[in-house]
Amino acid sequence: KQVLIATSNQGKAKEFETLFSPLGYSVKTLLDYPDAPDVNETGTTFEENAKLKAETIAKQYNVMTIADDSGLIVDALGGEPGVYSARYAGEEKNDEANIDKVLKYLQGVKKSARTARFHCTLAVARPNKETVTFTGECEGNITTERMGDGGFGYDPVFWVEDKQCTLAQMTQRQKGAISHRGKAIIKLAELLPTLTK
Ligand code: ITT
């Protein structure tokens with residue numbers, strides 16, 4: 001059993017492998033398809049962008065395709081960076097610069113006002129069928145400095161109160177058990193057998 005995930009993000013790809021392999025699925029991503037078309041993420045919501053990515057790739061290769069659109073929502077920044085999380089600090093994707101920008105904007109904001117959440121929308125597109133979506137969220141706080149070197153993106157500054165560490169200080173499995181992506185994948189996996197029919 002195999003699933004195609006329409007992502008070129010190495011960090012996401014690793015997490016999909018970790019989460020799908022115990023379910024008996026092997027994972028292919030766009031890192032295995034260097035000629036895949038670039039999808040312009042023109043939507044203004046996670047759902048629109050997830051559908052756009054999944055449907056473009058499903059059409060191109062005529063196979064069921066899953067896409068992930070996700071991001072960090074910081075309350076004190078009015079919900080930013082949100083759907084712009086990947087390129088918050090500029091046109092080039094740059095995790096380090098993105099983190100610096102969030103920390104800078106939050107300078108002087110006290111701990112109780114540094115609440116944030118990660119959101120993930122997964123879209124499953126199938127040839128000639130209606131696309132379906134699943135969501136998951138993970139609550140936390142933005143730290144004042146980086147901690148840990150696991151995960152990707154904003155993980156080093158995303159503090160999880162229950163676990164008393166950042167997402168970057170967890171193993172892939174620990175992160176997957178509580179993350180926005182992990183939660184969305186659990187919902188998707190329950191329906192996957194019916195979706196692949
Ligand atoms: P693909 O479109 O190829 O999947 P992308 O990185 O462009 O990769 P998105 O448009 O969905 O994906 O942007 C998601 C960004 O949100 C990602 O680049 C990170 O900066 C951030 N992000 C999402 N999930 C995260 C996580 O689990 N941990 C840390 N940062 C995350």
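The values are calculated or read from the model by the stated rules, or taken from the named source; none is laboratory data. Since we're looking at a predicted model, the values are computed, not measured. Here the Cβ is made from the backbone with ideal geometry for all residues, glycine too, and neighbour counts use every protein chain on show.
If you check Val124 against the conditions, is it assigned to a strand (DSSP E or B), touching a residue at least 12 places away in the same chain (Cβ under 8 Å), more than 14 Å from the ligand (Cβ to nearest atom) and among the hydrophobic types (A, V, I, L, M, F, W, C)? When the stated conditions are applied, Val124 passes them. Here Phe46 meets each of (1) touching a Lys or Arg at 6+ places or on another chain (Cβ under 7 Å); (2) of a type in the set (Phe, Trp, Tyr); (3) in contact (Cβ under 8 Å) with a residue 40 or more places away in the chain with one exception, condition (1). Restricting attention to segment 141-152 and to residues that are among the small types (Gly, Ala, Ser) and either under 12 Å from the mean Cα position of the chain (by Cα) or on the phi > 0 side of the Ramachandran plot (or both), the residue that is surrounded by the fewest Cβ atoms within 10 Å (Cβ to Cβ) turns out to be Gly148. Residues Glu145, Glu130, Glu96: which one is outside any strand (DSSP E or B) and more than 23 Å from Gln169 (Cβ to Cβ)? Being outside any strand (DSSP E or B) and more than 23 Å from Gln169 (Cβ to Cβ) holds for just one of Glu145, Glu130, Glu96, which is Glu130.
Candidates are the residues of segment 34-60 that are away from the ligand (no atom under 13 Å from the Cβ) and surrounded by 15 or more Cβ atoms within 10 Å (Cβ to Cβ); the one that is nearest to Leu4 (Cα to Cα) is Ala58.
Yes/no per residue for (1) within 13 Å of the ligand (Cβ to nearest atom); (2) of a type in the set (A, V, I, L, M, F, W, C); (3) at pLDDT 95 or above; (4) part of a helix (DSSP H, G or I):
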residue: Phe118; (1), (2), (3), (4): yes, yes, yes, no
residue: Phe134; (1), (2), (3), (4): no, yes, yes, no
residue: Asn141; (1), (2), (3), (4): no, no, yes, no
residue: Gly150; (1), (2), (3), (4): yes, no, yes, no
residue: Ala168; (1), (2), (3), (4): yes, yes, yes, yes
residue: Gly182; (1), (2), (3), (4): yes, no, yes, yes
residue: Lys197; (1), (2), (3), (4): no, no, no, no
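Select, from Glu190, Glu139, the only residue that is among the charged types (D, E, K, R) and within 28 Å of Gln2 (Cα to Cα). Please lay out each step first, then the result.
Details: Glu139 fails: within 28 Å of Gln2 (Cα to Cα).
Answer to the selection: Glu190.
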